[in-house]
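Asks: The structure is given below, and queries will be raised subsequently.
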Amino acid sequence: MRRRALLAEALGSLLLFATVIGSGIMAERLAAGNVAIALLGNTLATGAILFVLITMFGPVSGAHLNPAVTLVMRLRGHLSTRMAIAYVAAQLTGGVLGVWLAHAMFDVPIIELSTKARGGAGQLTGEAVATFGLLLTILGTTQVRPAAVASSVALYITAAYWFTSSTSFANPAISVARSLSDTFAGIAPASVPAFIAAQLVGALAAHVIADTLFAGHPVQAT
């Protein structure tokens, strides 16, 4: 079971990150300079793959695909420290391989670093909000309507791409992996630490607030 869960986290992260990078490349090439259209293409592909991956891998590993999710699940006692560390390693490994796979598919140099600086108070606030909303969606929907987790997460990320100033990375592993791609979805390595810090703040805030909002709420089957 442990091996299956780690394989699911690695493979799920590979497919998710390949989708984020690959759809960004495809969207930018087809949008003829229209950034809004490119972002729309990137958004739709990401939301769609999230629904598929959570539906497919949720029963195997919980489909965290995100160290912020794994951290909160560890704090809530859903997995051990050792397993949480293994999850994060699998997410990072699979995610980086997913970026490289996207590069290979689109004839982009496999190894590269992003030059796209992202930062400032607005974008960091956006990342904290994006991650807070993602974790609150997961924790709340898991409690009140577990069958709707996949659709809720996919729809939340689709919305957050557009209502947050950072376009909703909301994932420390994908922040690291996107620093390895000088494409539409990239982020400069120097921008990554602040993004991760903001993501962790948002995740921990959701962890605390979820207990107030959903404690004792009866779980519904549908």
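The values are calculated or read from the model by the stated rules, or taken from the named source; none is laboratory data. All values derive from a computational prediction rather than experimental measurement. Because the Cβ atoms are built from the backbone with ideal geometry, glycine has one as well, and the counts that use them run over all protein chains shown. Heavy atoms of the whole protein, side chains included, go into the accessibility calculation; ligands, DNA and RNA do not. Shrake-Rupley method; radii C 1.70, N 1.55, O 1.52, S 1.80 Å.
Asks: So for the pair THR55, ARG2, with labels modelled 7 Å out along Cα→Cβ, what separation do we get in nm?
Replies: Each label point lies 7 Å from its Cα, and together they span 3.2 nm.
Asks: Taking Cα pairs under 8 Å and at least six residues apart, what relative contact order does the stretch 84-190 come out at, in percent? Could the numbers behind the result be given before it?
Replies: Details: 121 pairs, mean separation 43.8, N = 107.
Taking the mean separation of contacting Cα pairs over the length of the stretch 84-190, I get 41 percent.
Asks: May I pose another question? With a probe of 1.4 Å, find how much accessible area the chain has per residue, and write the answer as a whole number in Å².
Replies: 44
Asks: Can I ask one more? What distance in nm separates the simple spin-label points at ALA190 and VAL144, each placed 7 Å from Cα in the Cβ direction?
Replies: 4.4
Asks: Still on this structure, please answer the following. In degrees between 0 and 90, to the nearest 10, how far off the longest principal axis of the chain does helix 81-105 point, with axes built from Cα atoms?
Replies: For 81-105 against the chain, the angle is about 30 degrees.
Asks: For the stretch 1-42, which trypsin sites (Lys or Arg not before Pro) are both in a DSSP coil and crowded by at most 11 other Cβ atoms within 10 Å?
Replies: Here no loop site has a sparse enough neighbourhood.
Asks: Let me ask something else about it. Within the accessible area of the stretch 1-143, what % is carbon and sulfur when the probe is 1.4 Å and the other protein chains stay in place? If you can, show how the numbers build up before the last one.
Replies: On the way: 4630 of 6580 Å².
Summing carbon and sulfur atoms, their accessible area is 70 percent of the total for the stretch 1-143.
Asks: Connecting C-alpha atoms closer than 10 Å in a GNM of the chain, tell me which of ILE209, ILE196, ILE187 has the biggest fluctuation.
Replies: Of ILE209, ILE196, ILE187, the most mobile in the Gaussian network model is ILE209.
Asks: Report the Stokes-Einstein translational diffusion coefficient (µm² s⁻¹, integer) for the chain, Rh taken as the Kirkwood radius over Cα pairs, at 10 °C with viscosity 1.306 mPa s.
Replies: Working: Rh = 17.3 Å.
D = 92 µm²/s.
Asks: Using the alpha-carbon atoms, what tilt in degrees (0 to 90, nearest 10) does helix 149-163 show relative to the longest principal axis of the chain?
Replies: In the chain, helix 149-163 runs at an angle near 50 degrees to the longest axis.
Asks: Tell me the trypsin sites (Lys or Arg not before Pro) within the stretch 72-156 that lie in a loop according to DSSP and have at most 14 other beta-carbon atoms within 10 Å. Please list the in-between numbers first.
Replies: Working: sites: ARG74, ARG76, ARG82, LYS116, ARG118; in loops: ARG76, LYS116, ARG118.
Answer by residue number: ARG76.
Asks: Sort 129-142, 166-179 for me by packing, meaning the mean count of neighbouring Cβ atoms within 10 Å per residue, highest on top.
Replies: Values: 129-142: 22.6, 166-179: 27.1.
Descending mean neighbour count gives 166-179, 129-142.
Asks: Okay, moving on. Could you give the angle, 0 to 90 degrees to the nearest 10, between helix 2-30's Cα long axis and the longest principal axis of the Cα atoms of the chain?
Replies: The answer is roughly 40 degrees.
Asks: How many nm separate the modelled label positions at LYS116 and LEU44, each set 7 Å beyond the Cα in the direction of the Cβ?
Replies: Between LYS116 and LEU44, the simple spin-label model gives 1.9 nm.
Asks: Moving to a separate point now. In a Gaussian network model over the chain where Cα atoms closer than 10 Å are linked, find which of GLY202, GLY62, GLY120 has the largest mean-square fluctuation.
Replies: GLY120
Asks: Would you look at the GNM of the chain, springs on alpha carbons closer than 10 Å, and say which of LEU15, LEU200, LEU30 moves the most?
Replies: Maximum among the listed residues: LEU30.
Asks: Do you know the relative contact order of the stretch 44-113, to the nearest whole percent, from alpha carbon pairs under 8 angstrom that are 6+ apart?
Replies: Values: 26 pairs, mean separation 12.4, N = 70.
Rounded, it is 18 percent for the stretch 44-113.
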